[in-house]
Amino acid sequence: MKWPAHVEALQGAVVALGARELGPNAARWDSSAGFEPTFAAKVADWGLFGVSVPEVQGGAGAGLLGAAVVIEEIAAHSGSLAMRLALHEGVAVGFALGLADTSLLARLIGNGGFAGWVGLGRGVTAEQSSDRLRLQGSVCMAPGDGDLVVAGHGTGGPRVGFVAADQLSSGRARAACGLRAVGWTDVVIDADVEHSGNAAVAARLGARLSVLIGAVACGLARAAISQATAYAQVREQFGQSIAQFQAIQWKLANGATERDAAWLLVTDAAGRLDAQRPAANEAAARAQLAAVRMSVSACSEALQVHGGYGYTREFPIERLLRDARACTAIDRGDDDLRAALAAAITARFE
Amino acid sequence: MYDLVPEPGELAVQTLAQRIAGEVLRPAAVDLDRRGGFPTESLLALSRSGLMGINVPRDLGGLAAGPVAYSLAVTALAHACASTTVALCVNNMVAEVVTHFGSPDQRAAHVPKLCDGGHVVGAFALSEASAGSDPAGMRTRARRTERGWVIDGSKLWITSGSDAGLFVVWAKTSDDPGTRGISCFLVPGDTPGLSRGKPEHKLGLCGSTTCAIEFSGCEVGPQALLDDVGRGFRVAMMALDGGRIGIASQAIGIGRAATQAAASWACERYGANGVPQGVAFALADSATELDAAALLTLRAAWLKREGRPFSHQASMAKLLASEKAFAACNRALGMMGAQGQDCDHPVERFFRDVRVTMIYEGTSEVQRVVVSRDIARRYDADPRSPSELRL
Ligand SMILES: Cc1cc2nc3c(=O)[nH]c(=O)nc-3n(C[C@H](O)[C@H](O)[C@H](O)COP(=O)(O)OP(=O)(O)OC[C@H]3O[C@@H](n4cnc5c(N)ncnc54)[C@H](O)[C@@H]3O)c2cc1C
């Protein structure tokens, strides 16, 4: 696909970075269920925070489309890092951009570490007083263990606020099936926050995150399909390469087609959000729904192409499958996405 | 016609398996999965119960309960712990192979020890690094000597390879092309020249060891040869036909466990009468597909019990059961969101464990090869009425 020149340049840089810094470490981050403490600073140095932020505000100026391209590329190496960036860029950076809060933006683009997200439906209450938002709740398995953007329900409807890490008490770290290095933690939230947004803000952040979760899912699937394609060329059974069996060819053909279709949905939704075009939130929900389902299936089929080797940790394919499956656990699940889509479709019809 | 209603003796074995699953396997499953290793204690309990030789004659230490009982028992055990169950499945398969193809001396020497834990467990050493779906491509060789045989080569992915006391090993004994030059040997685990590799790190079945096994000048006596020289491939294929009933049953057990866990999660979250259709219908699909797979599996087991051909029916059962069980675990995990990802919840283990059932003892594609060949054979036999592909 042809991107604007600056997005293409970013993508090229990330390709090189992925091969050099991410690919070789991804299995270790997965098995140790986290990144080194200094890692977020490195990520900031690489310029991976604030990709969607306009250059005048200190970012890369690539919009959400640029962020999706970067995150898709990173996911092909490390699903966990890609998802941390999706949370950071999609939600926290999106929140600061929405408020035009320059000091918060500076913290998020600079050395403030990764920020995570607790979405609606996780049982947090949000009560707005005249100048402050009080967020309260205890959340099991929150993705992210630093600053958090937290959404909750209150008497005035959904609200969302930024909670700094020192306002949170983190409970125990949780071992997860996939996206293990995301830093899954139980958190107790009891904070008064100054900056907050309403239901529309929560929906916009949800849409940004949907696009970027879709990008993660597409990157995982692309990696899985390319690895399966390469493996199928060299693996021989019954005196021929398994790539010559139609059963294998069809898996690769279906995987590649469905992955490209999902990626088109993701980039379309990113473009709509960047341009603030109508139905952008709906497009984002559609992209996430299609991409995550596609990714689980593509990774599972790619694992199948690897036979017994695919089931072992000797090959990255089993991690890709776990990571793809975990994409549904980050924010809105399939049922929420379908409900949102159905509501949007019905509203249009009426 | 099939009579798929299990007999009282078969149901009694199922009840026994359910009891051991609840008392021994389930309480140990989480820890076993986390720390990895080999389920020695649980397998000892299974040996004491007779379940290590379900379809083995009583005079050799088995339960003589037949393949239907075997299928029901495996489903019950896999519902609790798939890792322990796969070791039991392979052990049962090895015990049946020796019972079926062994000489009276071979049977007496090994089958009772496979049933009572004397061998710890048996292992089935067919696959190699470059010969999985196509075992005829194996490179391991056995050379005849004055004192018996010397085996050289290496096997890969051998279940229970770390602890097994007896290995059934396939090796080429001549340069005959294809499958004709393959023979089969019984090799005790302490035979000099046999060495065990480190267990593989895997996606799932973390409480079952999967190892490379090296044979380097591994000398065995003439009594190690199972069946005749050059007949090993037939032994392997017959063993796998029965084995596939076991893996189908294992998949159904795991799939049902995941579906039940997801159903209790849904009822707790929404109230038993308030589960929305998006979730409730997904559970209905899983339950329906797993029941269909269980019926196919029972049909294959019943045919085996009646001494009738069951090869392609076993392949159909394994194909459907493994794919539908994976779909059921995938749905369960998908609907539960973050909670499903939590390693404290068993559903993520079921998802990781079930994935291998589409790979071992013949991948799904290999099962499709078996079933489609059978369809072609029937068409060939009666091309005038191909729609009469009676099952
Ligand atoms: C946990 C685990 C335990 C195991 N335990 C044992 C054991 O105890 N003993 C033992 O001997 N082996 C064991 N195995 C090995 C297992 O049986 C093999 O992995 C399996 O048979 C597949 O072989 P392969 O891995 O070489 O895949 P390959 O044969 O290389 O297959 C790769 C891909 O090609 C496809 N393919 C191959 N041939 C065809 C064809 N003709 N048409 C269409 N597609 C085709 C396959 O379906 C697969 O998708 C175990 C494996 C695992 C993962």
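The values are calculated or read from the model by the stated rules, or taken from the named source; none is laboratory data. Please read these numbers as outputs of a predicted model, since none were measured by experiment. Glycine gets a Cβ as well: all are built from the backbone with ideal geometry, and neighbour counts include every protein chain shown. Surface accessibility is based on the protein's heavy atoms, side chains included, excluding ligands, DNA and RNA. Shrake-Rupley method; radii C 1.70, N 1.55, O 1.52, S 1.80 Å.
Some notes on this structure:
- Residues in the stretch A:306-325 that are open to solvent by 10 Å² or more (accessible area, probe 1.4 Å) and more than 9 Å from chain B (Cβ to nearest Cβ): A:F315, A:P316.
- Only residues that are open to solvent by less than 10 Å² (accessible area, probe 1.4 Å) and within 14 Å of the ligand (Cβ to nearest atom) were counted across the stretch B:210-223, and they come to 3.
- The stretch A:308-341, residues that are away from the ligand (no atom under 16 Å from the Cβ) and touching an Asp or Glu at 6+ places or on another chain (Cβ under 7 Å): A:T328, A:L341
- Tabulated pairs, the stretch B:119-147, first assigned to a helix (DSSP H, G or I), second among the hydrophobic types (A, V, I, L, M, F, W, C) and more than 10 Å from the ligand (Cβ to nearest atom), C-beta under 8 angstrom, 6+ apart or interchain: B:P135/B:I182; B:P135/B:F233; B:A136/B:I182; B:A136/B:F233
- Residues in the stretch A:177-199 include at least one that is of a type in the set (K, R), in a helix (DSSP H, G or I), within 13 Å of chain B (Cβ to nearest Cβ) and open to solvent by 10 Å² or more (accessible area, probe 1.4 Å).
- Each residue in the stretch B:224-233 was checked for being open to solvent by less than 20 Å² (accessible area, probe 1.4 Å) and within 16 Å of the ligand (Cβ to nearest atom), and 2 of them qualify.
- For the stretch B:188-198, the criterion of being within 15 Å of the ligand (Cβ to nearest atom) and within 14 Å of another protein chain (Cβ to nearest Cβ) is satisfied by at least one residue.
- B:V86 meets the conditions (1) away from the ligand (no atom under 12 Å from the Cβ); (2) surrounded by 19 or more Cβ atoms within 10 Å (Cβ to Cβ); (3) not acidic (D, E) in every case but one. The failed one is (1).
- Matching option when the condition is crowded, with 22+ Cβ neighbours inside 10 Å, away from the ligand (no atom under 14 Å from the Cβ), within 11 Å of chain B (Cβ to nearest Cβ) and part of a helix (DSSP H, G or I), among A:V292, A:V266: A:V292
- Among the residues of the stretch B:151-171, the ones that are more than 9 Å from the ligand (Cβ to nearest atom) and of a type in the set (F, W, Y) come to 1 in all.
- For the stretch B:189-200, the set of residues classified as open to solvent by 20 Å² or more (accessible area, probe 1.4 Å) and in contact (Cβ under 8 Å) with a residue 60 or more places away in the chain consists of B:P199 only.
- Within the stretch B:329-373, being among the aliphatic types (A, V, I, L, M), away from the ligand (no atom under 16 Å from the Cβ) and either outside any helix (DSSP H, G or I) or open to solvent by 20 Å² or more (accessible area, probe 1.4 Å) (or both) holds for one residue alone: B:M335.
- Only listed residue being β-branched (V, I, T) and free of Cβ contacts under 8 Å to residues at least 40 places away in the same chain, chosen from B:V275, B:V279: B:V275
- Any helices (runs of 4 or more DSSP H) falling wholly within the stretch A:33-152 and containing at least 2 residues that are more than 26 Å from B:Q341 (Cα to Cα) and open to solvent by 30 Å² or more (accessible area, probe 1.4 Å): A:39-45, A:94-99, A:102-109
- Residue ID - most open to solvent (accessible area, probe 1.4 Å), chosen from residues in the stretch B:112-138 that are touching a Gly at 6+ places or on another chain (Cβ under 6 Å) and away from the ligand (no atom under 13 Å from the Cβ): B:D116
- Here B:D59 meets each of (1) in a helix (DSSP H, G or I); (2) open to solvent by 20 Å² or more (accessible area, probe 1.4 Å); (3) closer than 21 Å to B:V347 by Cα; (4) of a type outside the set (A, V, I, L, M, F, W, C) with one exception, condition (3).
- Boolean, A:D274 is surrounded by fewer than 21 Cβ atoms within 10 Å (Cβ to Cβ), touching a Gly at 6+ places or on another chain (Cβ under 9 Å) and assigned to a helix (DSSP H, G or I): yes
- Look at (1) within 14 Å of chain A (Cβ to nearest Cβ); (2) touching a helix residue (DSSP H, G or I) at 6+ places or on another chain (Cβ under 6 Å) and you find that B:L114 fails only one, number (1).
- Criterion: closer than 22 Å to A:R322 by Cβ, out of contact with any Phe, Trp or Tyr (no Cβ under 6 Å at 6 or more places or on another chain) and either more than 13 Å from the ligand (Cβ to nearest atom) or part of a strand (DSSP E or B) (or both) - qualifying residue of A:A298, A:A285: A:A298
- Comparison of B:S103, B:S71, B:S127 shows that the only residue that is among the polar types (S, T, N, Q) and within 14 Å of chain A (Cβ to nearest Cβ) is B:S127.
- Qualifying residues in the stretch A:233-258 (those that are within 19 Å of B:A136 (Cα to Cα) and within 7 Å of the ligand (Cβ to nearest atom)) - the one surrounded by the fewest Cβ atoms within 10 Å (Cβ to Cβ): A:F238
- Among (1) within 14 Å of chain A (Cβ to nearest Cβ); (2) loosely packed, with under 15 Cβ neighbours inside 10 Å, the one test that B:A258 misses: (2)
- Residue identified as at pLDDT below 95 and aliphatic (A, V, I, L, M) among B:M358, B:M316, B:M335: B:M335
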